[in-house]
Amino acid sequence: MADRGLALLDGGTLLILLEDRGELRIGACRGEQTASLRIAPVQGSALGAAYEAREPLALDRPRGEEAAWLHELGMEARAALLEPMSMEGQGGGMVIAIRSDRRFRDADREALAAFASSVAQRLAAERSLEVERLRYGMEARERERTRWAREIHDESIQGLGALRMKMAHARDLQDPRALREAVDVALEGLGHEIDGLRHLITELRPAALDDLGLEAALQALARRAQAIDGLDVTIEMLDSDIEPPDDADSGSARLDAELESTIYRVVQEALTNVSRHAQATKATVSISERDGVLSASVTDDGRGLPARERLGPRGDGLEGGFGMSGMRERAELVGGELELTPAPGGGTAVLLRVPLAGRLSTAPAVPDAAAGARP
């Protein structure tokens, strides 16, 4: 944006300052001169006083007190323009233009005012989008907490409550045989509840993802889908061109933790949707990389895409239910994109694409067990 403003004014220096929690921060500085500071307090500084005045300034040969804010910036000016910005209750800022060799014309002032207005509108839109993203993130976390609370209540708490009632009933009968039978039932039930809680813990954060990597975590996810939902899941880790960083001494290339977690969560949510809604018997998870772009897809043999009225306002199914909006947000947070399309031969395909630039890490080398055993 600053480059465009500088071009409108035909040279000189242009600065964009934004107010943030009582401070003015230089968001951009382009042109002949460079500011000597990046942050100035609103209270107690000449820049802050100019900002709080909320009035345009046009200075010719500024000197003395009117040049105080220029001195704070460490700049010299033959002429200077200052245009305030207001972002509709989302803070404000100002745009400053400086020339060291000639005056500004009236047309320059009008151009700077129009530029400041366009910058304010764009920043207000971006901040509104960020607020919506934060609000959605908070709502998504609350929905996630509600889901875990419901599953713990409906599964574990109800199961343990039933076991308690059976034990209490057997105790009240004062029948040793009935008590032994109740203990056997309770032990078996406790085993099921422990398995259920382990499943919940794994969904919250799979240990295999941290310790063994993405492929092992996806294989474990496939086994759980088979055991719990009867869904036959195949994991395909296709050949790729991923290489360890040049400065890596040993070990194999791994994606960074954020991206591995994103892939796992998108696959996990997609498989959950397949199990609950697709009426499918099989699903295939494919992970591959080509030309610096990682692709992760989940394809099923189910009944296909939802009806058009459930595809959401974008028409891609990623704004509706089934956790699709959360999957799309996860993709966007790692700079990727998510698609929901019909699968060849029927069913549905969920495809995540993420550029890999700067996202490789190196897995630590596994120590030689035999060498570690030597004295």
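Tabulated data for the structure shown
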| read-out | value |
| --- | --- |
| Residues of segment 253-265 satisfying the condition of being outside any loop (DSSP other than H, G, I, E, B) and open to solvent by less than 60 Å² (accessible area, probe 1.4 Å) | Ala253, Arg254, Leu255, Leu259, Glu260, Ser261, Thr262, Ile263, Tyr264, Arg265 |
| Check on Thr341, modelled with pLDDT of 85 or more, surrounded by 17 or more Cβ atoms within 10 Å (Cβ to Cβ) and out of contact with any helix residue (DSSP H, G or I) (no Cβ under 9 Å at 6 or more places or on another chain) | no |
| First in segment 215-236 and in contact (Cβ under 8 Å) with a residue 40 or more places away in the chain and closer than 11 Å to Lys282 by Cβ, second anywhere and of a type in the set (S, T, N, Q) and buried (at least 16 other Cβ atoms within 10 Å of the Cβ), Cβ under 8 Å, 6 or more apart | Ala225/Ser275; Leu231/Ser275; Val233/Thr284; Thr234/Thr284 |
| The listed residue being open to solvent by 50 Å² or more (accessible area, probe 1.4 Å), within 30 Å of Val266 (Cα to Cα) and over 25 Å from the mean Cα position of the chain (by Cα), out of Gln174, Gln219, Gln226 | Gln226 |
| All strands (runs of 3 or more DSSP E) inside segment 1-95 with 2 or more residues being under 27 Å from Val131 (Cα atoms), open to solvent by less than 50 Å² (accessible area, probe 1.4 Å) and modelled with pLDDT of 90 or more | 13-20, 23-31, 79-86 |
| From the options Leu190, Leu197, Leu163, residue that is among the aliphatic types (A, V, I, L, M) and either buried (at least 16 other Cβ atoms within 10 Å of the Cβ) or not in a helix (DSSP H, G or I) (or both) | Leu163 |
| Any hit, segment 298-310, residues being at pLDDT 90 or above and among the hydrophobic types (A, V, I, L, M, F, W, C) | yes |
| Residue list for segment 96-110, restricted to those being out of contact with any Asp or Glu (no Cβ under 9 Å at 6 or more places or on another chain) and open to solvent by less than 60 Å² (accessible area, probe 1.4 Å) | Ala107 |
| Every residue from segment 266-304 that is charged (D, E, K, R) and either in a loop (DSSP other than H, G, I, E, B) or open to solvent by less than 30 Å² (accessible area, probe 1.4 Å) (or both) | Glu289, Asp291, Asp300, Asp301, Arg303 |
| The lone exception for Glu236 - which of (1) at pLDDT 90 or above; (2) within 24 Å of the chain's Cα centre (by Cα); (3) open to solvent by 50 Å² or more (accessible area, probe 1.4 Å) it fails | (2) |
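For (1) modelled with pLDDT under 85; (2) of a type in the set (D, E, K, R), each residue gets a yes or a no:
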position: His169; (1), (2): no, no
position: Leu173; (1), (2): no, no
position: Arg180; (1), (2): no, yes
position: Leu197; (1), (2): yes, no
position: Leu200; (1), (2): yes, no
position: Leu204; (1), (2): yes, no
position: Ala207; (1), (2): yes, no
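Conditions tested, residue by residue: (1) small (Gly, Ala, Ser); (2) touching a helix residue (DSSP H, G or I) at 6+ places or on another chain (Cβ under 8 Å); (3) closer than 18 Å to Leu197 by Cβ.
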site: Ser117; (1), (2), (3): yes, no, no
site: Ser128; (1), (2), (3): yes, no, no
site: Glu142; (1), (2), (3): no, no, no
site: Gly159; (1), (2), (3): yes, yes, yes
site: Leu163; (1), (2), (3): no, yes, yes
site: Leu173; (1), (2), (3): no, yes, no
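The values are calculated or read from the model by the stated rules, or taken from the named source; none is laboratory data. Owing to the predicted nature of the structure, the values given are computational and were not obtained by experimental measurement. In this analysis, Cβ positions are derived from the backbone assuming ideal geometry, glycine residues included, and neighbour counts consider all displayed protein chains. Heads up: the accessible areas ignore ligands, DNA and RNA and are worked out on the full protein's heavy atoms, side chains in. Shrake-Rupley method; radii C 1.70, N 1.55, O 1.52, S 1.80 Å.
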